[in-house]
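Here is the structure we will look at.
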Amino acid sequence: MGVGERRRSAAARSLQAGNFERRHFSGSSGAIGLWLLRLWPQFQPVNSLIVKSGVAVRMTGPQISRSSKSVPMKLLAPALLAALLGLSAPLVQAANAAAKAPAKPDLVAGEARFAAACAACHGADGNSGSPINPKLAQQHPEYLIKQLKEYKSGVRKNAVMQGMAAGLSDEDMRNISFWLASKKIKPGFAKDKDLVALGERIYRGGVADRQIAACAGCHNPSGAGNPAQYPRLGGQHAEYTAAQLTAYRDGGRGNSLQMSQVASKLNDREIRALADYIAGLR
Ligand code: HEC
Ligand code: HEC
């Protein structure tokens with residue numbers, strides 16, 4: 001029996017005795033120790049693992065490459081090494097974050113709540129038929145949650161929606177928003193042949209000499225937006241989009257500095273053109 005093997009079987013004996021964790025690890029490393037304990041059988045063929053009082057670990061070349069045929073071992077070896085060397089903090093933080101993350105949204109509850117309180121204006125599947133009520137289907141849930149919170153707190157002002165949002169808990173907002181995100185938006189159409197070219201030009205390229213940024217830069221050339229940060233616009237009713245751009249510009253909607261700045265430079269004709277182009281965007 002070589003030195004390495006003797007040490008390993010000593011470690012294994014102490015594992016069997018159940019005091020591996022207590023003797024060699026403390027605090028957050030303990031969790032990793034327990035995790036390793038369950039994986040221990042996989043490490044049995046690896047002679048190269050030498051545990052010295054829970055700190056020093058040495059892995060020698062040839063043995064590692066012999067065991068590197070096994071994919072799990074290849075993946076686990078660095079994690080094991082890091083854990084034993086006390087570098088486990090990021091792993092433990094990740095595990096804690098996962099444990100603290102809110103439970104999965106309840107889409108069934110979200111749908112039921114929406115059907116009861118919201119569908120009359122926003123459509124049964126989030127595709128409102130009325131051009132003044134926005135389509136909500138397929139919108140990024142983070143954006144929807146932000147809007148609902150801001151209606152509730154009054155940061156985004158609208159009498160109807162403030163009343164609607166007042167009755168929603170954070171959990172309701174999450175459930176409804178994730179359910180809406182799972183629905184498909186019904187595409188729309190541009191209607192004004194004369195204006196749509198102007199809308200497309202500004203949407204895609206901005207207006208350089210007036211420092212108007214291209215909408216596509218944030219909202220995506222297809223109008224799909226960018227999850228978490230930038231809402232989807234494509235397919236939205238032109239009347240609603242025009243009303244929002246006007247409200248950002250004139251101060252009626254003050255919940256986004258970025259959009260207030262963008263809209264502050266647009267004239268009414270450009271707003272109409274953009275809204276019309278966006279309605280047909282897909
Ligand atoms: C009486 C009609 C009506 C009802 C009922 C209603 N809404 Fe609205 N909703 C509107 C209108 C109008 C707007 C646009 C308000 C504005 O200009 O800010 C809007 C805007 C929104 C927005 C912002 C969309 C965006 O793209 O920024 C969300 C999110 C929303 N509603 C969710 C809901 C939810 C969830 C419910 C149910 C709890 C609901 N609404 C009930 C009429 C309604
Ligand atoms: C720098 C990034 C950026 C640029 C450029 C930009 N936007 Fe936005 N836009 C945003 C963000 C962020 C929001 C969400 C704001 C909020 O939370 O209310 C938004 C929201 C919107 C909304 C409201 C959507 C809704 O459902 O109510 C419209 C409409 C809109 N943008 C149109 C445009 C148009 C048109 C342009 C180009 C002239 C443009 N945006 C350029 C970042 C941008």
State yes or no: is Ile202 touching a strand residue (DSSP E or B) at 6+ places or on another chain (Cβ under 8 Å) and modelled with pLDDT of 95 or more? yes
State which residue is surrounded by the most Cβ atoms within 10 Å (Cβ to Cβ) when the search covers only region 166-202 and only residues that are of a type in the set (Phe, Trp, Tyr) and under 19 Å from the mean Cα position of the chain (by Cα). Trp179
Got a number for residues in region 110-153 being assigned to a loop (DSSP other than H, G, I, E, B) and either within 15 Å of Leu233 (Cα to Cα) or within 12 Å of ligand 2 (Cβ to nearest atom) (or both)? 13
Which members of region 237-280 meet the condition of being buried (at least 20 other Cβ atoms within 10 Å of the Cβ) and touching a Pro at 6+ places or on another chain (Cβ under 6 Å)? His237
What are the pairs, 6+ residues apart or on separate chains, where a residue within region 111-124 that is acidic (Asp, Glu) has its Cβ under 7 Å from a residue that is surrounded by 15 or more Cβ atoms within 10 Å (Cβ to Cβ) and part of a loop (DSSP other than H, G, I, E, B)? none
Only one of Ala242, Ala213, Ala263, Ala208 that is of a type in the set (A, V, I, L, M) and more than 9 Å from ligand 2 (Cβ to nearest atom): Ala208
The lone exception for Asp194 - which of (1) at pLDDT 95 or above; (2) in a helix (DSSP H, G or I); (3) within 29 Å of Asn267 (Cα to Cα); (4) away from ligand 2 (no atom under 13 Å from the Cβ) it fails: (1)
Just one listed residue, out of Gly129, Gly205, Gly163, Gly154, is without any contact (Cβ under 8 Å) to a residue 12 or more places away in the chain, in the same structural domain as Thr241 (by TED's automatic domain parsing) and either surrounded by fewer than 19 Cβ atoms within 10 Å (Cβ to Cβ) or near ligand 1 (Cβ under 9 Å from one of its atoms) (or both), and it is Gly205
In region 132-151, residues that are of a type in the set (A, V, I, L, M, F, W, C), closer than 25 Å to Ala190 by Cα and surrounded by 20 or more Cβ atoms within 10 Å (Cβ to Cβ) total 3
For the list (1) among the hydrophobic types (A, V, I, L, M, F, W, C); (2) more than 12 Å from ligand 2 (Cβ to nearest atom); (3) over 24 Å from Thr246 (Cβ atoms), I need the number of the one condition that Val160 fails. (3)
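The values are calculated or read from the model by the stated rules, or taken from the named source; none is laboratory data. Bear in mind the structure is a predicted one, so any value in this text is a computation, not a measurement. Glycine also receives a Cβ, built like all others from the backbone with ideal geometry; neighbour counts cover every protein chain displayed.
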